[in-house]
Each structure stands twice: as structure tokens, then as C-alpha cells.
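Working notes, structure below.
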Amino acid sequence: MLKNIQYLFSGIFLIPCLCSAMIPAGNGNGMEEVTVTELSTVDSIGRAIEYQMEHYPESQYRDVYKNFMQDFFGPGHILTDTAASGRYLRSELATDDPFSGPLYEPTGYKGNFYRVNLSLIKDGVVPYDIFFDSFVKSVQGIIPPSGEEWMGRWKMIDGVIKKMGLIFPDEERDRRELNEQFENGDYVVHHSQRYNDSVHFHYRIVSKENFERRILPLLQNRKITE
């Protein structure tokens, strides 16, 4: 299945056709109705998990969770103070840490947002003002799922993780800490230290619309002129 996720590098996140037709599925006790939408969603989730584990093998359980959480909640949790966000971005750009990782990649399985590498600013591909403004405007129009809706969606995603037989170091601790947050209505997590130490992927979350309209053309123009 790992070969099936290589389309992620094309720059356009392809999502399987989600239609509402019903198909029969045998369960050993007769026939039951399963929607094509459900099958396509599960397949998309599995591909997203495979992509993450292939490219970020040091990911912990919380890092997989974070990827899917970002797909629905976007960057709103770190943009409560625009001025502070700007100062933090500039301080991060000033570090000597290597800016590795892809130039951009979609979040989760729907690709509602992109993780966009800060190296695009450092290398002069995307002007700071355009990058930061795209980041800020990505909060506009976000309607995050309710706690109940998100818990239902995460339960489905977690079911795919279990079905794939993945086992993570410190998984029980991560599950316990996440459950404690969920009980308090808090659905935002940070990357694990193990992930941060191995990846050095400095990025910001930008909405699909802002990325494809304002940032992606700058990358494409650079390829044409090189």
C-alpha cells in the first residue's frame, strides 16, 4: 500500500471519490450495507497514516493524532495573538536549526490545510509578508467540529490505527494524557520530543485555499525560471 500514497508529492492532494451509493458487504452472518463513502474515508485515513510513518518513523501516537487534528482545527490555537505569532515566527526563522522536511504537505486525510515549510521564507521563495498573511488568514472561516463530532471522527481514525497493528513507544501514556485533555474539552497537542529531535520540520499551517492561491504559484514560477 505504501506505493499508493506517492501522489502526495504532486502538490495536489487527491482525495478518492466519495459517493453515496450502497454496496453489499458480507459479514459472515448475512449481508449488510456499507457506503462507498465509508470505505473511501477509511482508505484515505490509512494512506495518511502510512505516509506519516514512512516519512516520520519517529512519530509517536500523539504525533499521528496531531496530524489529523490539524486537518480539522487548523492553526487557530496558535493565532490568538497575531503580534506574538509574528514575533515567534521571526525568532524561529533566526535559529540555526536545519529546516528539513518537505516544502509542503497536506494535513490528515482531507487535506483541508497544508504544513508549509518555513524554509520557503529563508530561501527567498515566498516573501515573509505573503507567508505570514496567508497563515493569519487561514483562521478565517474555520468552523471547527464540536467536541462530540471530533471524538466520533477520532474514534474512527484510532480504529484504523489499531487495525493496522501499529504500536508506538509510550503509547499508553499518550493515550492517557490525550483522554485527560478530551475530558476537559481540550483537543490540541504538541509534537512529541522524539518527533522534534528527529525531524527539524519548521512549518506553519496554511489553509488549502490560501496555500494554493497565494503560495503554490510562487513555487511553480520559481521552477519555470530556474
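Odds and ends about this structure:
- Among the listed pairs Lys122/Lys163; Lys110/Lys162; Lys163/Lys208; Lys66/Lys137; Lys162/Lys208, those beyond 32 Å (Cα-Cα): Lys122/Lys163
- Packing, taken as the mean count of other beta carbons within 10 Å per residue, orders the peptides 188-196, 83-91, 67-75 from highest to lowest as 67-75, 188-196, 83-91.
- Distance from the C-alpha centroid of region 186-219 to that of region 67-143: 5 Å, rounded to the whole angstrom.
- Take each peptide in 136-143, 59-66, count the other Cβ atoms within 10 Å of every residue, and average; sorted highest first, the result is 59-66, 136-143.
- Put simply, region 101-226 fits an ellipsoid with semi-axes of 31, 18, 14 Å; these come from the alpha carbon gyration tensor as the roots of five times its eigenvalues, largest first.
- Rounded to the nearest 20 debye, the dipole size of region 163-226 about its Cα centre is 540 debye, using +1 on the Cβ of Lys and Arg and -1 on the Cβ of Asp and Glu.
- Taking only the Cα atoms of region 91-136, the ratio Rg/Rh comes out at 0.99, with Rh defined as the Kirkwood radius.
Read-outs throughout are calculated quantities, based only on the coordinates presented, and are distinct from any laboratory measurement. The shown structure was predicted, so the numbers you read here are calculated from the model rather than taken from an experiment. Here Cβ is always computed from backbone atoms with ideal geometry, including for glycine, and neighbour counts include all displayed protein chains.
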